[in-house]
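Bear in mind that the values in this text are calculations on the coordinates, not laboratory data. Computed from a predicted model, the values in this text were never measured in an experiment. Cβ placement follows ideal geometry from the backbone for every residue including glycine, while neighbour counts extend to all protein chains displayed.
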Amino acid sequence: MCGISGIAGLDNEIQRNTVIRKMNDSMKHRGPDADGFYIDTHVALGHRRLSIIDLSTSANQPFKDNSERYVLVFNGEIYNFREIKARLKDYAFKTSGDTEVVIAAFDKWGPACLEHFKGMFAIAIWDKKEKALFLARDRFGVKPLYYYDNDGVLLFASEIRAILASGLVSPSLNEHGLYDYLMFQSVVTPATLIKDIKQLPAGHYMTKQNGVTDIKKYWSVTDNISSIEEHSYEEIKKRVRDLLYKSVERRLVSDVPLGTFLSGGIDSSIIAGVMAETNTEQTNAFTIAFDEENYDESDYAELIARKFNLKHTKVLLRANDFLQELPTALDAMDSPSGDGLNTYVVSKAIRNSGIVVALSGVGGDELFAGYPIFRQFGIFKKHKFLFNNSYHLRNIATSAFATNNRNHLRLKEVLGLRAAEISDVYPFFRQILNLSDIKDLTNLNVSKDFKGHLQNILEKQRPFLNQYDTLSQVSAGDYLGYTQHVLLKDMDQMSMASSLEVREPFFDHDLVEYVLNVPDKFKMGKYPKALLVDSANNILPEEIITRKKQGFVLPYDHWLRNELSTFCKQKIESLANRPLFNHNAVHNFWQQYVERKGNIRWTDIWILIVLENWLQKNNVQ
């Protein structure tokens, strides 16, 4: 787990030296153990190392292959590197970790090496012979990779702030990215909030040679659609169990201490249980506790800790403690997000305890239909006949809702959906602010028919998404949307702020590909995420299985109106004064929230506060 950076096409050698060091230094938190550089007449590569596997200095990066043709910088982990290494018999390995396996695999298979990797990664390889740069990102986008490609100069890095630190890119706001952020609490690939900085999409690789940039897909969540209808529930459970245990086992590969997030919910409890059964050492587990009883899950976490003999640490988080930590936590956001501070808090506690790697149960809800959106989309599909050939009639009906009531506006949006398809319905369910909110709060030039990046992505995938059963359509939509652009992005940036590596067993592509092809009838049961619970051989206590779903959420709604109200008001006033925002509308939005009017949610307010802090921090114009 590290941070990588690079430059290609910058002719001035002195400038190349200076810039790559600025970029690398801005990501010290991602790799406090070592830094390294490779600089020649064509490229400059930088690396920050967080030592996880093969702690020796011989595994430091940038790393050259035996022939010294290739130079590698690499962020992440290849969990099956030993299996791949055994197949590379012609290569004389000098190290025991995964870094050298990556470069040896590229030497043998070229870009096709990506098909062999099971892991999370962002990779950059310079081919000195061909004068070609190769960049790649893992299947789900667990590890970030940003780039600037303009006027013959290519910059890339694990963080936006590293590219801005180069001094070669103006921090100008991307208005379409702002639209994405306000609607979905994060910017959708390939855009970012900075006009000239982009994200390499998950499951893609890029080559840069002779001034030509080429981007290709090597994996998508819709690539492996097949039918397992003929399998029995017992066969399916066994297969899911085998894949889950294998996924956890892979993620225990480490030469440093490991731990796990434990919220007391189904997902984190199963990961902790499987980890305890698989790991030879006692498992370290960490839970955030609150004084506010409605948010505190620590009793359930303690139940799991006792059952599996975990070394359990509870971290009590009070509002005043959070207020003191808040500026640092917000500054840790390389990209603004409406979520993630909970990850920051628990990650910092884990790292302070001496743990360097932690497993997380994130992703279980998306794969095993744990969110209300799965049931809600099922209702849409059952009533899809209401949407057939009625679009214009429904548009006329919406004129009856000429009101500012947000509940009426939401109903108006439902009536305005073109079809009961996942590409139309999913963005509606995942939005934070709606189009009316955005038009009211901002001066963005957003047309009524503007779809945004997420809907464009989903529409391109529609023929493939529709081949899945209903629940898997939502899961696939989440992998193309929320998980990539919010969940995994937050997990990376907020854990790496404390130099903690987080591994997510539910984002194992073998497991995901199989479960997506499981018919709906095997996923629904008498309790939430029945397939997951049953596949884990009911290792969970009954109290965990049947408890009401809570989710690991900080008590924002209480804090924003009380302990954090002064901080929030300052940020709101500052944002309201920006030219792109409507001052009176933003101010009124805040007041309605404080006075509990207009159905304004804490999430609607919080994304504005986080945005303003990020704009200030990065001096974005």
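Cross-link list 384/548; 108/131; 569/597: which exceed 21 angstrom alpha carbon to alpha carbon? Correct reply: 384/548.
Annotation: lysines with alpha-carbon distance below 16 angstrom to residue 617 (same-chain offsets under eight excluded): 571. Per-peptide packing, taken as the mean over residues of other Cβ atoms within 10 Å, places 420-426, 539-545, 571-577 in the sequence 420-426, 571-577, 539-545 from highest down.
Of the peptides 121-130, 340-349, 34-43, 298-307, the order by per-residue mean of other Cβ atoms within 10 Å, starting with the highest, comes out as 340-349, 121-130, 298-307, 34-43. As a rough footprinting exposure proxy, the listed residues 83, 77, 115 were ranked by other beta carbons within 10 Å of their own, and the order from fewest upward is 115, 83, 77.
In percent, rounded to a whole number, the relative contact order of the chain is 15, using alpha-carbon pairs under 8 Å and six or more apart. Using only side-chain charges placed at the Cβ, +1 for Lys and Arg and -1 for Asp and Glu, the dipole size of the chain relative to its Cα centre rounds to 840 debye.
Calculated mean residue ellipticity, 222 nm, the chain: -12500 deg cm²/dmol, from DSSP H runs (n ≥ 4) at -39500 (n - 2.57) each, averaged per residue and rounded to 500.
Would you please classify the overall shape of segment 556-618 from the alpha carbon gyration tensor, given that a ≥ b ≥ c denote the square roots of the eigenvalues, rounded means a/c under 1.5, and beyond that prolate means a/b larger than b/c while oblate covers the rest? In terms of gyration-tensor shape, oblate.
A rounded overall shape is assigned to the chain, the ratio a/c of its alpha-carbon gyration tensor axes (a ≥ b ≥ c) being less than 1.5.
Each peptide among 159-166, 11-18 gets the average number of other Cβ atoms lying within 10 Å of its residues, and from highest to lowest they stand as 159-166, 11-18.
Taking 18 Å as the straight-line reach from the Cα of residue 237, the lysines in range (excluding those fewer than 8 positions away in the same chain) are 246, 521, 523, 526, 529. In straight-distance terms, cross-link reach from residue 439 covers every one of the lysines whose alpha-carbon lies under 18 Å from its own, apart from those fewer than eight places away in the same chain; here that gives 412, 448, 451. Can you give the relative contact order of segment 2-217 as a percent, counting alpha carbon pairs under 8 Å and 6+ residues apart? Once divided by the residue count of segment 2-217, the mean separation gives 19 percent. Working from the Cα coordinates of segment 47-159, the gyration tensor eigenvalues give, after taking √(5λ), semi-axes of 21, 16, 14 Å in decreasing order.
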